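Encoded as structure tokens, the structure appears first; notes follow it.
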Amino acid sequence: MPESYWREYLYYPGCSLHSTSKSYDESARAVGQALGAKFVELSDWNCCGATAYMGIKELTAFTVSARNLALAEQRGKEIVAPCSGCYVGLNKANNYLKEFPEVHKKVNAALSEGGLEYKGTVKVRHLLDVFTHDVGYEKVKQFVTKPLEGLKVGCYYGCQIVRPRNEIDDPECPETMEMLMKACGAAPVDFALKAFCCGGSLMGTEEDIGLRLVKNLLHSAFRSGIKVLVTPCPLCQMNVDAYQKRAGRKYGMEFDIPILFFTQIIGLALGIEPKKLGIGREIISAHEVLKPYI
Amino acid sequence: MTRRPDIQREGDMDLSFLDEVRVVPGGEKIVDCIQCGTCSGSCPTSYLMEDSPRDLFYKIRAGLRNEVLKSPDIWLCTSCYMCYVRCPKNIKVTDIMYALKRISSKERFSLQWRGYHLAKSFMSVVNRDGRNNETELLLRFFLKTKPFGLIRNSLIGLKLWLRGRMPMMPHRIKEIKKFRAIMAKAESLSTM
Ligand code: SF4
Ligand code: SF4
């Protein structure tokens, strides 16, 4: 057994990981444990605000995020968010409070109503960042017991994990997930739209736009010979999984490309039982594609 | 270039609109826009917009307040940040799109846009519980905007529920009283 990486993080699941993206929660925790990244759930966390608050009232958007940052600051550890939306929301609040002291002051005035204060010392991380830059590809490789040889996996990043600019990866042509997939023995396949938008919440408000964007993505993945997609974002997973058939019907195409969370694939390579990784919760079943590896 | 009838005289322009946008964090750089169109060309939804980000930006600077705020295109921004990373003048385009959503949501125009209602429904669930509940959010949103959407999406909902992905019970955080006090205070301090 190789020596495991050891570090404790404050785990911020966010609302999606408790509902539509349960499999992300299950697999993130299982993989973290297997690699030695200890995830302690931030107690009594609240919603990050997503993209909704920012479109209505700015100060409430920063405050709703900042309550989480204040709770994390009391614990003195880095926050790790698996959801790209949460990551952007928390990170944005964190950066803006630094850049605009007058906003920071108001946020603290609001927080004090609940007996909290945020000084500004917390670092917000994304799960993909932790697995690639803290744990590292080499370490992951050492723990792989079932290399996923020949698995043609497409890495779908979506938007909010690489943009706006951050330390994780290139904003338009990221490749950290491909490196992780390689470490797992799989054969990542590049595709043109890997960092393009899935439509986000527009799938609810303007379905035609959402379906068109999902169709474009799937078409691009299909033409590259991709058999399964992986993503670090709950909303991307949801749109590409639940609306895949509808998008195909609308454009007279037939798609059958399962989309999983990147942690589910890593978990398989680490020899973790599929059920513990939430495999089977996807609507477009990954069973056929993963059969040789289970 | 043909002159727009609505900006024939300087006196018709609402120049304070530019200031409204300029004071939001990240909005100050809008005056640097060179109208290159990189933002619009990079935008996944601009193909449907009458006023893409570039158009909105010149209209802001021309003081066409109502025309901008009435535009449904503001609510077609998905916050993908592609414009933001590509703008050669480092303008935080996405943040300005957010600011436009905020300014327009104070006006009555926004009541007709579904994006506005989704955001409002989301906020009322979270302000009450501290967390979002996707099932309730979608119910609220569809009932308000397009009840037919509920029927249309019920099969997807069922499939999610069968896979344990659609919880029915809302979850309330423990310190909900303090949370609500914090949010109420933020609301009262907020200028936009
Ligand atoms: S990319 Fe930047 S400079 Fe070019 S039109 Fe858009 S906002 Fe203006
Ligand atoms: S952030 Fe909004 S305006 Fe900018 S490219 Fe994306 S959808 Fe278009």
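Each reported figure results from applying straightforward, stated rules to the coordinates on display, with no laboratory input. Quick caveat, the model's predicted, so the values are computed rather than measured. Note that each Cβ is placed from the backbone with ideal geometry, even for glycine, and that neighbours are counted across all protein chains shown.
Label separation (A:Trp6 vs A:His287): 4.2 nm, computed from points 7 Å beyond Cα along the C-beta direction.
Name the residue from B:Ile60, B:Thr78, B:Ser42 whose Cα lies farthest towards the positive end of the charge dipole of chain B, charges +1 on Cβ of Lys and Arg and -1 on Cβ of Asp and Glu. Checked the options; the winner is B:Thr78.
With a Förster radius of 30 Å applied to the beta-carbon distance between A:Thr145 and A:Ala192, the computed FRET efficiency rounds to 0.35. Taken residue by residue and averaged, Cβ atoms of other chains lying within 10 Å of the Cβ of A:37-48 number 3.
Across the stretch B:114-190, the mean sequence separation of Cα contacts (distance under 8 Å, 6 or more residues apart), normalised by length, yields a relative contact order of 37 percent.
Computed over Cα pairs, the Kirkwood radius of the stretch A:149-283 leads via Stokes-Einstein (1.002 mPa s, 20 °C) to a diffusion coefficient of 143 µm² per second.
Projecting the Cα atoms of A:Ala37, B:Thr191, A:Leu151 onto the charge dipole of the protein assembly as shown (Cβ charges, centred on the Cα centre) puts B:Thr191 farthest toward the positive pole. Placing +1 on each Lys and Arg Cβ and -1 on each Asp and Glu Cβ, with no other charges, gives chain A a dipole about its Cα centre of roughly 300 debye. Residue pairs exceeding 31 angstrom between C-alpha atoms, taken from A:Lys77/B:Lys159; A:Lys250/B:Lys89; A:Lys77/B:Lys106; A:Lys92/B:Lys174; B:Lys106/B:Lys159: A:Lys77/B:Lys159; A:Lys250/B:Lys89; A:Lys77/B:Lys106; B:Lys106/B:Lys159. Each Cα pair under 8 Å and six or more residues apart adds its separation to the average, and for the stretch B:10-110 the resulting relative contact order is 35 percent.
Close amide H contacts of A:Ile284 (hydrogens built in the peptide plane, cut-off under 5 Å, sequence separation of 5 or more or a different chain): A:Ile259. About its Cα centre, the dipole of the stretch A:7-126 is roughly 220 debye, where the only charges are +1 on Lys and Arg Cβ and -1 on Asp and Glu Cβ. Could you run the Debye sum over the Cα atoms of the protein assembly as shown, one equal point scatterer each and no solvent, and tell me log10 of I(q)/I(0) at q = 0.06, 0.07, 0.08 Å⁻¹, two decimals? Taking Cα atoms of the protein assembly as shown as identical point scatterers yields -0.26, -0.36, -0.47. Size of the stretch B:64-192: Rg and Dmax of its alpha carbons, in Å, are 17.5, 50. For peptide B:72-80, the mean count of partner chain Cβ atoms within 10 Å of a residue's Cβ comes to 6. Here the simple spin-label model places points 7 Å from the Cα toward Cβ, and for A:Glu138 and A:Lys250 these points are separated by 4.7 nm.
Given a Förster distance of 41 angstrom, what is the FRET efficiency for B:Lys106 paired with A:Lys182, based on the Cβ-Cβ distance and rounded to 0.05? Calculated value: 0.25.
Given an 8 Å cut-off on Cα distances and at least 6 residues of separation, report the relative contact order of chain A as a percent.
Relative contact order, chain A: 19 percent.
The trypsin sites (Lys or Arg not before Pro) found in the stretch A:120-167 that occupy coil by DSSP, while having at most 15 further C-beta atoms within 10 Å, are A:Lys123, A:Arg165. Neighbouring Cβ atoms from other chains, within 10 Å of the Cβ of residues in B:98-108, number 3 on average.
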